[in-house]
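Here the structure comes first, spelled out in structure tokens, and everything after it is commentary.
The values are calculated or read from the model by the stated rules, or taken from the named source; none is laboratory data. Because the structure is predicted, anything quoted here is derived from the model rather than measured. Here Cβ is always computed from backbone atoms with ideal geometry, including for glycine, and neighbour counts include all displayed protein chains. These area figures cover heavy atoms from the full protein model, side chains too; ligands, DNA and RNA do not enter into them. Shrake-Rupley method; radii C 1.70, N 1.55, O 1.52, S 1.80 Å.
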Amino acid sequence: RMIQQGGLLEYIQTPLDLDEIGGMSNLKKWLNHRKDVFSPEAKAFGIVPPKDVLMLGVQGAGKSLCAKAIATAWQQPLLRLDPSTLYASYIGESEKNLREALRQTEMMAPVILWIDEIEKAFASAASRSADGGLSQRMFGTLLTWLQEHQMPVFVVATANDIEALPPELLRKGRFDEIFFVDLPTQEVRREIFAIHLRKRGRDPVRFDLDALARASQDYSGSEIEQAVIAALHNAYAEKTDLGTETILAALQGSPPLSATMAEKVSALRQWAQGRCVIAE
Ligand SMILES: Nc1ncnc2c1ncn2[C@@H]1O[C@H](COP(=O)(O)OP(=O)(O)OP(=O)(O)O)[C@@H](O)[C@H]1O
Ligand SMILES: [Mg+2]
């Protein structure tokens, strides 16, 4: 549902059951510790509530899911800003859109503002841009707002690609926290299979979860879900029920994205070392 015509902001339906997210134990702990810090009591106690986080991670690893988890854990409404919708063809219009989106967000405070794939909108702000400095100015407007806004708006930005991000955004202290959402470990993959089997009305106990978790090394949570869905289709077409073998075949038939971009994934991991909190 869009907030208004022209739709710069999208209202996202939460809550999401936190049990539907496999792994992310550090993130869940972080959220839990901070869930009461927006209260007047916390303020009187001297606590300054967090203002923003950045979720960095490979595609399909669950960043969007994490944004929804925050809104759920803190019981606040969630607004999604897709920065690509801000760009307009008339001069000056794009910046006006951004200011308007931020103004509308503040009007809904306390609220969580999810800026999805932040690097896509401001990518050219990282380099010499070909758009006459527009994305640079947009980025400047956003940065200023991030630093100075007074209303209780908690910002969750997500990004896949640090190389496309302007360095100012990654400076230490710019975000209260940068979380790195890595590919799931074997133990977490097991959990993710169980979650998605349960979602489709299957009892995970009837599956060899260990075999599935082993066979899905380097797969993202999203790719695990896709394998379950593909296997479900195959089983239905063949008039059998879903079984471990069908899912293993689906995994085999669809190699993970991280295999084709191994270098990029490891560069991201390396960068995250020491700079980010591992969401896992
Ligand atoms: N840890 C997880 N536990 C359960 N399901 C997961 C997990 N990670 C991903 N999924 C499944 O994969 C889907 C896609 O994940 P999500 O959209 O959160 O990834 P993303 O990191 O935002 O990817 P993108 O970079 O493509 O935006 C989720 O809706 C969920 O069904
Ligand atoms: Mg996403």
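Which numbered condition in (1) within 16 Å of ligand 2 (Cβ to nearest atom); (2) open to solvent by 40 Å² or more (accessible area, probe 1.4 Å); (3) farther than 20 Å from Lys199 by Cβ is the only one that Ser25 fails?
Here Ser25 clears every test but (1).
Yes or no: Gly60 within 14 Å of ligand 1 (Cβ to nearest atom), assigned to a loop (DSSP other than H, G, I, E, B), within 22 Å of Asn160 (Cβ to Cβ) and open to solvent by 20 Å² or more (accessible area, probe 1.4 Å)? Even if it seems obvious, please write down each step before you answer.
Working: within 14 Å of ligand 1 (Cβ to nearest atom): yes; assigned to a loop (DSSP other than H, G, I, E, B): yes; within 22 Å of Asn160 (Cβ to Cβ): yes; open to solvent by 20 Å² or more (accessible area, probe 1.4 Å): yes.
In short, yes.
Residue by residue through the range 11-24, note down the ones that are within 15 Å of the chain's Cα centre (by Cα) and in a helix (DSSP H, G or I).
Those that are within 15 Å of the chain's Cα centre (by Cα) and in a helix (DSSP H, G or I): Leu18, Glu20.
Given the criterion in the same structural domain as Leu78 (by TED's automatic domain parsing) and under 18 Å from Ala272 (Cβ atoms), identify the matching residue among Glu163, Glu168. Lay out the reasoning, then the answer.
Numbers: Glu168 fails: under 18 Å from Ala272 (Cβ atoms).
Testing whether each residue is in the same structural domain as Leu78 (by TED's automatic domain parsing) and under 18 Å from Ala272 (Cβ atoms) leaves just Glu163.
Look through the range 74-94, keep the residues that are open to solvent by 30 Å² or more (accessible area, probe 1.4 Å) and not in a loop (DSSP other than H, G, I, E, B), and return whichever of them is modelled with the highest pLDDT.
Looking only at the range 74-94, we keep the residues that are open to solvent by 30 Å² or more (accessible area, probe 1.4 Å), and these are 75, 77, 80, 82, 84-85, 87-93.
Still in the running and not in a loop (DSSP other than H, G, I, E, B): 80, 84-85, 93.
Details: Arg80: 94, Ser84: 80, Thr85: 82, Glu93: 85.
Once the filter is applied, the top-ranked residue is Arg80.
Here are the criteria: (1) open to solvent by 70 Å² or more (accessible area, probe 1.4 Å); (2) modelled with pLDDT of 85 or more; (3) under 23 Å from Leu143 (Cβ atoms). Tell me which single one Lys43 does not satisfy.
Of the numbered conditions (1) open to solvent by 70 Å² or more (accessible area, probe 1.4 Å); (2) modelled with pLDDT of 85 or more; (3) under 23 Å from Leu143 (Cβ atoms), the odd one out for Lys43 is (3).
Could you pull out the residue among Ala71, Ala42 that is within 27 Å of Leu165 (Cα to Cα) and either more than 10 Å from ligand 2 (Cβ to nearest atom) or not in a helix (DSSP H, G or I) (or both)? Spell out the reasoning first.
Values: Ala42 fails: within 27 Å of Leu165 (Cα to Cα).
Selected residue: Ala71, the only one of Ala71, Ala42 that is within 27 Å of Leu165 (Cα to Cα) and either more than 10 Å from ligand 2 (Cβ to nearest atom) or not in a helix (DSSP H, G or I) (or both).
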